[in-house]
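Take a look at the structure below.
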Amino acid sequence: MHRFLTATAALALSAGTSFADYSLTILHTNDFHARFEPISKYDSGCSAEDNDAGECFGGSARLMTAISDAKARSNNWMLLDGGDQFQGTLFYTYYKGKLAAEMMNQMGYTAMTVGNHEFNHGPEVLRGFIDAVEFPVLMSNADYTGEPLLADALVKSTVIEQAGEKIGLIGLTPQSTGELSSPGPNVIFGDPAPAAQAEVDKMIAAGVNKIVLLSHSGYQTDLYIADATTGIDVIVGGHTNTYLNSDDDSADGPYPTVQNGVSIVQAYAYGKYLGELNVTFDDDGNVLSAKGGPILMDASVSEDAAVKARIAEAAAPLDEIRNEVVAETAEPIEGDRKFCRAEECQMGSLIADAMLDRVKDQGIEVAIQNGGGIRASIDAGPVTMGEVLTVLPFQNTLSTFHVSGAVLKDALENGVSQVEEGAGRFPQVAGMTFGFDATKPAGDRITEVLVNGAPLDMEKVYGVVSNNYVRNGGDGYDMFKTAANAYDYGPDLADVTAEFLAAKGPFSPYTDGRITEAE
């Protein structure tokens, strides 16, 4: 809390009454995305040999060790998660939320908020996860009372009492989750700031003066929430995979980022870091200090033997699928979100070309793949099916449909409308080129579109291939929901991409100028 001492408190102090400071260590993760095994520097799979050679990061076994060590350094800790435990590897495809629940229980999480990906398979899978975990799952900015699977399972906030003090915890989920995921029609999302403020006000009225917001809203939205609310001390963030580190010039910002007196933290993603924020409050809940940083889960962090064995056991049914070598690439294929959500990227061009190649004999002329559906890069050498599935983990299928040139332009405008926020709707394309000017207002940024070298004809009907998520309105592509001749049940996008790669092998990654941004 960020308040001046009351007159009564000041009088008490002057009379010689002493108040004890309260220290709390906040350990935190976010956007783990089912990375139970170690990851490479490209955030995709890392072989056992490379792991033994000290070249891998993260994984549940390292995270367990780091969490245990951090707990031992503190006599008063909380372990919090900023959402998006779900989706990202074959572990989620096979186990859904069961393995995440098991690992989080074992690590001793205090609470988590709901990320948009927790809704990827609807309320049913989320409910199963909530039933399995031994801690509260929070979401304050949605009305879920009309969803029977969640009405009695989620809570907006909770108060945890430890070391003689009460700590208020509040959860936030992206307001756009209805577009980003599959929550169904009975969960209605709203503005995060007033929702959080309403919970804060209840806590203050109940005498709780130390409040932490678990926000899967994204870094920029967290800055807005800090400005638009009062009473929040710390925001543990997620969603934008933001790397905060005061000791690294390449970081996205300082750790913590202090905005309007609120300490904001986030720990990148994929279990690559464990965040550790040490906060000291005075007796009135004012933050006296907030210091810490992300701890890199590299080879210097030993792997917990029991957890490593459990993950190996859980991986056994997956090995046959993912160890199959399906292709070879001569160089790494860049799929980092900072590129694929802002400009033409190698992985985006590969996937879009693969989609179009598969259906070009069906009268389809252009392909659109949302950059947010591209989840990793691939390193050079043999490419396994597991690597492809890490890049494309969502089990999306190819969708073909027909729209006018005007609708196609609207779709591209939607795709670049939030480029400055790194939004997942950014369009990777094939069969077309386009330019955009991000300095212009959203909705008026597309400067030129060519389809197979010819200017876009607003009246002409074009055949389009995308994935079923985008075709059904995901990432704001509502203009495709009523498209003519829609067929959403084509082959799996990961299979299509793997087969295209195999046919080109050894594959040489490329960009060719199909997307240009005005200088």
Inside region 204-225, can you point out the residues that are out of contact with any Asp or Glu (no Cβ under 9 Å at 6 or more places or on another chain), crowded, with 24+ Cβ neighbours inside 10 Å and aliphatic (A, V, I, L, M)? ILE225
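Can you report the number of residues in region 390-410 which are without any contact (Cβ under 8 Å) to a residue 60 or more places away in the chain and either surrounded by fewer than 22 Cβ atoms within 10 Å (Cβ to Cβ) or in contact with a Pro (Cβ under 8 Å, 6 or more places away or on another chain) (or both)?
Number of matching residues: 4.
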Among the numbered criteria (1) within 30 Å of ASP284 (Cα to Cα); (2) at pLDDT 95 or above, which single criterion is violated by ASN51? (1)
Quick check on region 411-418. Is at least one of its residues in a loop (DSSP other than H, G, I, E, B), touching a residue at least 40 places away in the same chain (Cβ under 8 Å) and crowded, with 22+ Cβ neighbours inside 10 Å? no
Please count how many residues of region 373-382 are open to solvent by less than 10 Å² (accessible area, probe 1.4 Å) and farther than 15 Å from LEU90 by Cβ. 4
State whether the residues of region 440-460 include one that is outside any loop (DSSP other than H, G, I, E, B), within 28 Å of THR384 (Cα to Cα) and open to solvent by less than 20 Å² (accessible area, probe 1.4 Å). no
Sole exception among (1) surrounded by fewer than 22 Cβ atoms within 10 Å (Cβ to Cβ); (2) at pLDDT 95 or above for MET432, by number: (1)
Taking ASP512 as the residue in question, decide whether it is among the charged types (D, E, K, R), open to solvent by 40 Å² or more (accessible area, probe 1.4 Å) and assigned to a loop (DSSP other than H, G, I, E, B). yes
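Restricting region 389-410 to residues that are hydrophobic (A, V, I, L, M, F, W, C) and part of a loop (DSSP other than H, G, I, E, B), which is modelled with the highest pLDDT? Walk me through it before giving the result.
Restricting attention to region 389-410, the residues satisfying the condition of being hydrophobic (A, V, I, L, M, F, W, C) are 389, 391-392, 394, 398, 401, 403, 406-408.
Now drop any that are not part of a loop (DSSP other than H, G, I, E, B), which leaves 392, 394.
Values: LEU392: 93, PHE394: 80.
In this case the residue turns out to be LEU392.
Would it be correct to say that VAL279 is under 23 Å from the mean Cα position of the chain (by Cα), of a type outside the set (S, T, N, Q), open to solvent by less than 40 Å² (accessible area, probe 1.4 Å) and more than 25 Å from GLU55 (Cβ to Cβ)? Talk me through it step by step, then tell me what you get.
Values: under 23 Å from the mean Cα position of the chain (by Cα): no; of a type outside the set (S, T, N, Q): yes; open to solvent by less than 40 Å² (accessible area, probe 1.4 Å): yes; more than 25 Å from GLU55 (Cβ to Cβ): yes.
No, not satisfied.
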List the number of the failed condition for TYR94; all other conditions in (1) in contact with a Lys or Arg (Cβ under 9 Å, 6 or more places away or on another chain); (2) over 22 Å from PHE189 (Cβ atoms); (3) of a type in the set (Phe, Trp, Tyr) hold. (1)
Selection over region 31-68 where residues are touching a residue at least 60 places away in the same chain (Cβ under 8 Å) and farther than 23 Å from GLU334 by Cα yields a count of 9
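From the list GLY335, GLY293, which one is surrounded by 13 or more Cβ atoms within 10 Å (Cβ to Cβ) and more than 19 Å from TYR42 (Cβ to Cβ)?
GLY293
For residues in region 338-353 being touching a residue at least 40 places away in the same chain (Cβ under 8 Å) and over 13 Å from TYR510 (Cβ atoms), which is least open to solvent (accessible area, probe 1.4 Å)?
CYS340
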Checking VAL187 against (1) surrounded by fewer than 18 Cβ atoms within 10 Å (Cβ to Cβ); (2) among the aliphatic types (A, V, I, L, M); (3) in contact (Cβ under 8 Å) with a residue 40 or more places away in the chain, only one condition comes out false. Which one? (1)
Is it the case that region 496-509 has a residue that's at pLDDT 95 or above, within 26 Å of PRO183 (Cα to Cα), crowded, with 18+ Cβ neighbours inside 10 Å and of a type in the set (A, V, I, L, M, F, W, C)? no
Limited to region 411-423, what total is found for residues that are under 23 Å from GLU365 (Cα atoms) and modelled with pLDDT under 95? 0
Show the residue pairs meeting these rules: Cβ distance below 6 Å; 6+ apart or different chains; first residue within region 145-167 and open to solvent by 40 Å² or more (accessible area, probe 1.4 Å); second residue part of a loop (DSSP other than H, G, I, E, B) and among the small types (Gly, Ala, Ser). THR145/ALA151; LYS156/SER140
Of the conditions (1) modelled with pLDDT of 95 or more; (2) open to solvent by 10 Å² or more (accessible area, probe 1.4 Å); (3) not acidic (Asp, Glu); (4) not in a loop (DSSP other than H, G, I, E, B), VAL465 fails just one. Which one is it? (2)
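The values are calculated or read from the model by the stated rules, or taken from the named source; none is laboratory data. As the structure is a computational prediction, the values presented were derived from the model and not from experiment. Because the Cβ atoms are built from the backbone with ideal geometry, glycine has one as well, and the counts that use them run over all protein chains shown. For the accessible areas, the whole protein counts, side chains as well, though only heavy atoms, and no ligand, DNA or RNA atoms are used. Shrake-Rupley method; radii C 1.70, N 1.55, O 1.52, S 1.80 Å.
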